[in-house]
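Remarks on the structure that follows.
The values are calculated or read from the model by the stated rules, or taken from the named source; none is laboratory data. Source: prediction; values computed, not measured. Because the Cβ atoms are built from the backbone with ideal geometry, glycine has one as well, and the counts that use them run over all protein chains shown. Just the protein is used for accessible areas: all its heavy atoms, side chains included, with ligands, DNA and RNA removed. Shrake-Rupley method; radii C 1.70, N 1.55, O 1.52, S 1.80 Å.
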Amino acid sequence: MALLIRNGEVVTVGARLQADLYVENETITRIGKDLDAPPNTEVIDATGKLVFPGFIDPHVHIYLPFMATFAKDTHETGSIAALIGGTTTYIEMCCPNRNDDALEGYQLWKSKAEGKSACDYAFHMSVTKFVKETEAQLRQIVADGTASFKIFLAYKNFFGVDDGEMYQTLELAKRLGVIVTAHCENAELVARLQQKLVAEGKTGPEWHEPSRPESVEAEGTGRFATFLENTAATGYVVHLSCEKALHAALGAKARGVKIHVESVLPHFLLDKSYAERPGVEGMKHVMSPPLRAKHNQAALWNALAGGPIDTVGTDHCPFDTEQKLMGKDSFVNIPNGIPGIEDRVNLLYTHGVKRGRLDMDRFVDAASTRAARLFGLYPRKGTIAEGSDADLVIYDTNYRGLVSATSHHVNNDYSGFEGMPIEGRPSVVTVRGKVQVRDGKFVGERGRGRMLKREPSHF
Ligand code: URP
Ligand code: ZN
Ligand code: ZN
């Protein structure tokens with residue numbers, strides 16, 4: 001059925017206008033004033049509301065075998081939570097480990113999403129080793145429409161690559177025109193510091209941050225940048241957490257390195273005192289890179305507002321209380337990750353736009369458009385234009401509520417953002433023209449999501 005969205009304030013990067021949107025066959029076909037509603041058109045009145053392009057989360061984990069357990073969401077639960085929060089596309093990290101075959105891993109990750117996700121999705125393909133068949137396999141994966149890679153400089157002997165493997169990955173990525181995303185922490189230093197702290201009897205979650213200090217992340221970020229500089233590849237630092245690492249990235253950018261920066265919701269709103277809470281409360285806030293000293297937040301907000309931080313993702317990675325307790329005797333065994341897929345847009349809008357830290361343009365750019373541009377989805381996704389997919393978020397700025405695990409849809413028994421206020425939420429969310437969410441409830445079609453095929457563009 002065709003859809004007409006009337007009288008909303010349409011917000012895209014660089015423009016805000018009062019307009020109607022007409023949608024046929026999954027696509028926005030007309031934008032204008034006082035558009036007609038032909039017979040069989042569903043009409044939605046968006047008077048007094050903002051209309052955003054569907055938001056894109058460039059960094060999520062849905063299926064993830066990690067630290068002797070599995071992240072809790074499935075594509076059914078994760079995509080519904082994403083949609084309720086206004087995210088209409090997510091890019092999942094496909095993460096086979098060093099002992100797995102990359103191509104088999106890729107097929108496995110695809111099979112977990114296909115027919116299950118209610119929103120559209122794509123993958124970043126992790127390169128967790130570089131052996132003789134890797135180049136051919138990665139070529140096949142890129143030809144299948146997955147035009148971004150992921151490397152981990154952390155997680156030694158599991159996901160982590162050494163410098164030789166990083167070089168080979170970047171060199172191939174340059175030839176293929178593929179952007180490489182990277183988790184930047186020095187694996188060796190993390191392993192040594194973990195051992196030292198545990199040997200000293202420092203085993204609680206409050207020692208997670210000291211085991212991966214800011215300098216360890218800054219080193220990883222700087223090293224990644226140096227490798228980009230010497231391969232001419234394009235890179236994207238994921239979940240950057242602190243000012244020191246930001247300096248490393250921005251210094252490289254200033255000398256012409258093609259490096260982009262993502263930070264993630266927890267690093268803007270939570271600080272290391274959350275992980276210093278006693279017992280399991282602290283464990284719930286263990287992720288990597290760790291939550292940092294509070295002064296880093298101002299640096300991140302400023303860099304986001306000004307543009308040096310390109311995107312805000314979530315690094316959504318839910319482990320429940322029982323799983324977190326796997327690390328009760330040592331922080332080294334606490335599964336790393338904090339969920340956030342449902343809360344990113346509302347918390348960023350509230351604590352960014354409403355609190356005056358972020359203008360509307362940068363909000364839309366950082367939460368949708370920039371990711372679409374960097375990862376080969378634009379202008380199909382990430383904007384509102386004739387010919388774009390009708391992924392739309394009609395946003396109610398008068399809504400008031402609190403984030404809580406008692407009402408969220410993520411398959412997890414806690415929220416890292418419990419009790420935080422939100423001042424706004426999606427009232428209607430569409431995926432390719434179909435209404436999937438109304439006022440906090442999923443009302444749509446499960447399994448509607450499609451894998452988005454992307455072309456390499458970073459030559
Ligand atoms: O703590 C985190 N970030 N967990 C997910 C895995 C990763 O490093 O992104
Ligand atoms: Zn990571
Ligand atoms: Zn991650």
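Backbone amide hydrogens, once placed in the peptide plane, bring Ile338 within less than 5 Å of Cys317, excluding anything fewer than 5 places away on its chain. So if I average 1/r over every pair of distinct C-alpha atoms in region 157-202 and take the inverse, what Kirkwood radius in Å does that give? Across region 157-202, the inverse of the average 1/r is 12.7 Å. Modelling each spin label as a point 7 Å along the Cα-to-Cβ direction, I'd like the Asn398/Glu445 distance in nm, to one decimal. Here the modelled spin labels are 3.2 nm apart. Segment Glu229..Glu322, full-extension length gain: 29.1 nm, with 0.36 nm per residue of separation and the alpha-carbon distance subtracted. Compactness check for region 107-212: Cα Rg over 2.2 N^0.38 Å is 1.32.
Once both labels are positioned 7 Å from their Cα atoms along Cα-to-Cβ, the gap between Glu104 and Asp45 label points is 5.8 nm.
Report the one residue of Val216, His75, Pro65 whose Cα lies farthest in the direction of the positive end of the charge dipole of the chain (charges on C-beta: Lys and Arg +1, Asp and Glu -1; origin at the Cα centre). Final value for the positive-end residue is Val216. Across region 403-419, computed HN-Hα scalar couplings (Karplus, 6.51 cos²θ - 1.76 cosθ + 1.60, θ = phi - 60°) run 6, 7, 5, 6, 10, 7, 10, 5, 7, 8, 8, 9, 10, x, 10, 3, x Hz from first to last residue, x flagging Gly and Pro.
Could you rank Asp396, Asp45 by how accessible they are, 1.4 Å probe, largest area first?
Asp45, Asp396
In the chain, the DSSP-assigned H stretches of four residues or longer account for a calculated mean residue ellipticity at 222 nm of -8500 deg cm²/dmol, using -39500 (n - 2.57) per stretch and the full residue count as denominator.
In the P(r) worked out for region 310-406, what percent of Cα pairs fall beyond 19 Å? Taking all Cα-Cα pairs of region 310-406, the fraction more than 19 Å apart is 57 percent.
For region 83-181, a crude dipole built from +1 on the beta carbon of Lys and Arg and -1 on the beta carbon of Asp and Glu, taken about the Cα centre, is about 100 debye to the nearest 20.
The alpha-carbon atoms of region 54-106 define a convex hull whose volume equals 84 cubic angstrom per residue. When the convex hull of its Cα atoms is viewed from all sides, the chain shows a mean projected area of 19.5 nm². For the peptides 26-36, 5-15, 151-161, the ranking by packing is 151-161, 5-15, 26-36, with the highest mean count of neighbouring Cβ atoms within 10 Å listed first. With Cα atoms defining each centre, region 364-424 and region 252-282 are spaced 19 Å apart in the structure.
If you bin all the Cα-Cα distances of region 159-285 at 5 Å, starting from zero, the percentages per bin are 2, 11, 18, 20, 18, 13, 9, 6, 3, 0. For region 8-69 versus region 77-141, the inter-centroid distance based on Cα atoms is 25 Å.
Note that the chain presents 35 Å² accessible area per residue, ligands and nucleic acids not counted, probe 1.4 Å. In degrees, nearest 10, range 0 to 90: what is the angle between the Cα axis of helix 187-199 and the longest Cα principal axis of the chain? Relative to the chain, helix 187-199 is tipped by roughly 60 degrees. Calculated on C-alpha atoms, the gyration radius of region 223-357 divided by its Kirkwood radius gives an Rg/Rh of 1.01. Relative to the longest principal axis of the Cα atoms of the chain, helix 214-231 runs at roughly 80 degrees. The Cα trace of region 14-54 gives Rg and Dmax of 10.8, 34 Å, the first to one decimal, the second as a whole number. Contact order normalised by length for the chain, with contacts defined as Cα pairs under 8 Å and 6 or more residues apart; what percent is it? Relative contact order for the chain comes out at 23 percent. Helix 102-113 versus the longest principal axis of the chain: what angle, 0 to 90°, nearest 10, using Cα atoms? On a 0 to 90 degree scale, this one is about 40.
Need one number: nm distance between label points at Ala298 and Thr29, each 7 Å from Cα along Cα→Cβ, rounded to one decimal. Rounded to a tenth, the inter-label distance reads 5.3 nm. I'd like to know which of Gly387, Tyr399, Val364 lies farthest towards the positive end of the charge dipole of region 361-409, counting +1 on Cβ of Lys and Arg and -1 on Cβ of Asp and Glu. After comparing all options, I get Val364. Rounded to a whole number, what % of the accessible area of the chain do carbon and sulfur atoms account for, probe 1.4 Å? Here it works out to 49 percent.
The residues packed around Glu322, meaning those with a beta-carbon under 14 Å from its beta-carbon, carry a net charge of +2 if Lys and Arg are +1 and Asp and Glu are -1.
Averaged over residues, the count of other Cβ atoms within 10 Å places the peptides 441-447, 301-307 in the sequence 301-307, 441-447, highest first. Using the Cβ atoms and a cut-off under 12 Å, what net charge is assigned to the surroundings of Ile5, where Lys and Arg are +1 and Asp and Glu are -1? Around Ile5, the charge tally is -1. Based on the reciprocal of the average 1/r between different C-alpha atoms, the Kirkwood radius for region 38-82 equals 14.3 Å.
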